[in-house]
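The values are calculated or read from the model by the stated rules, or taken from the named source; none is laboratory data. Quantities reported herein were computed from a predicted structural model and do not represent experimental measurements. Glycine also receives a Cβ, built like all others from the backbone with ideal geometry; neighbour counts cover every protein chain displayed. The protein model used for the area step is the full one, side chains on, heavy atoms only, and it has no ligands, DNA or RNA in it. Shrake-Rupley method; radii C 1.70, N 1.55, O 1.52, S 1.80 Å.
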Amino acid sequence: MTAAMVYFLHSVWYESLGKPLVVTMDSSTYPISKIDFPAVAICNINRISTKALINYTKIIYPLLAKHNESFDEVLAFLSQLGRLIDYTYNLTLRNHPFVDAFNSQLNNTRELVKIMRMLAPSCDEMLMKCFWGGMQQKCENIFRVRRTTHGHCCIFNYILGYDSADRPDRTLDTAKRQLRAGKYFGLFVLLESMAEDYSYNLYSRKGFEILIFDPTHFPDPNGGRVIQRTVQPDQEVYIKILSTKQIATKEVRKYPESTVGTPKVN
C-alpha cells in the first residue's frame, strides 16, 4: 500500500508540474466595459438588389449583347451571379452565350468581388435608425459593408482587415465596448426589409439573417463560433448575449512554450 501511495503521489506531482494549469473564478461581476462587444452582421435574405442589377445591366449590356439579345436576357443572366454565394450549379449556364463575353470583362477575382458588392442590397436603404450605447448614431458611422460567406452585409464592430494582402490578419480598429448593461445600451437597429427589391433570395421568405461573431474572426457559420438568427419583417427581436472572459495571469510567463506541448493528430 505504501509503494502504491508513493507511486500515485509521484505521478500526480509530476503531472501538476508538467502541466501547471489552474482555473479559478476571479469574479462573477466582471465589468462589462472591459469586454469587447461582438461583431454583428445584418445580411438581407435577398442577395442581389433589383435596382442595382438593372443599373449594372445598363452598363454592361452593350458589351454582352452582340447578337441582338434583349435587355431582359442579359438581366436574367446577371441575376444568376447569386449562385456565387449559395454555391449552386446550373449546367445550362455553363454553355450560356454570355459566359465568355462576361469573363472577358473580368481582369481578376477582386473585380468580381467588387461587382457582387455593388449588386448587394444597399445598407443606406436597409438601415433606417441605429442606436448604440443608449444614443442614436448615424448608421453609416458605425456600420460598414463587409464580405461574409452570405455575401456583402452591413456589419457593426468588425475589425478584421482581410482585404490586406501583406497582413491579412491585421485589425482595422479597436473593438467597441458596451459601457452599461441592458438592452437599451447595446446595439439597436430599425431595418427596412426592401421586399420590392428582391432579385435573388435564397429562401421562400423575406427578412434578414443576423450573424454574431468575434470582431477579429471571419464570419463563417460553417466554421462554428458564429451565432445565427433570422429576423422577419414586422417583428421586434431582442438577442441576449452572455460572455465569459478568460485571462492568463503573469505567472504563466515563467513557463517555457514546451510546457504547453503540441497536440498530436492521428
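General remarks:
- Among the residues of segment 116-139, those identified as closer than 25 Å to residue 82 by Cα and within 19 Å of the chain's Cα centre (by Cα) are 116, 117, 118, 119, 120, 121, 122, 123, 124, 126, 127.
- Test result for residue 68, surrounded by fewer than 14 Cβ atoms within 10 Å (Cβ to Cβ), farther than 30 Å from residue 151 by Cα and at pLDDT below 90: yes
- Pair list, Cβ under 7 Å, 6 or more apart: segment 68-91 residue touching a residue at least 60 places away in the same chain (Cβ under 8 Å), other residue among the small types (Gly, Ala, Ser): 79/199; 85/151
- Strands (runs of 3 or more DSSP E) (entirely within segment 117-163) containing at least 1 residues that are open to solvent by 40 Å² or more (accessible area, probe 1.4 Å) and over 23 Å from residue 232 (Cα atoms): 135-137
- Among the residues examined, residue 112 does not qualify as open to solvent by 60 Å² or more (accessible area, probe 1.4 Å), touching a residue at least 24 places away in the same chain (Cβ under 8 Å) and not polar (S, T, N, Q).
- Residues in segment 45-63 that are in contact (Cβ under 8 Å) with a residue 60 or more places away in the chain and open to solvent by 10 Å² or more (accessible area, probe 1.4 Å): 47, 50, 51, 52, 56.
- Highlighted here are the strands (runs of 3 or more DSSP E) found entirely within segment 170-266 that include at least 3 residues which are open to solvent by 50 Å² or more (accessible area, probe 1.4 Å): 226-231.
- Filter result for residue 77 (in contact with a His (Cβ under 7 Å, 6 or more places away or on another chain) and on the phi < 0 side of the Ramachandran plot): yes
- Residue match in segment 69-87 (condition: closer than 30 Å to residue 242 by Cβ and either in contact with a strand residue (DSSP E or B) (Cβ under 6 Å, 6 or more places away or on another chain) or assigned to a helix (DSSP H, G or I) (or both)): no
- Qualifying positions in segment 84-112 - out of contact with any helix residue (DSSP H, G or I) (no Cβ under 8 Å at 6 or more places or on another chain) and closer than 21 Å to residue 197 by Cα: 86
- Checklist (1) touching a strand residue (DSSP E or B) at 6+ places or on another chain (Cβ under 8 Å); (2) among the small types (Gly, Ala, Ser); (3) open to solvent by 60 Å² or more (accessible area, probe 1.4 Å) applied to residue 104, failing item: (1)
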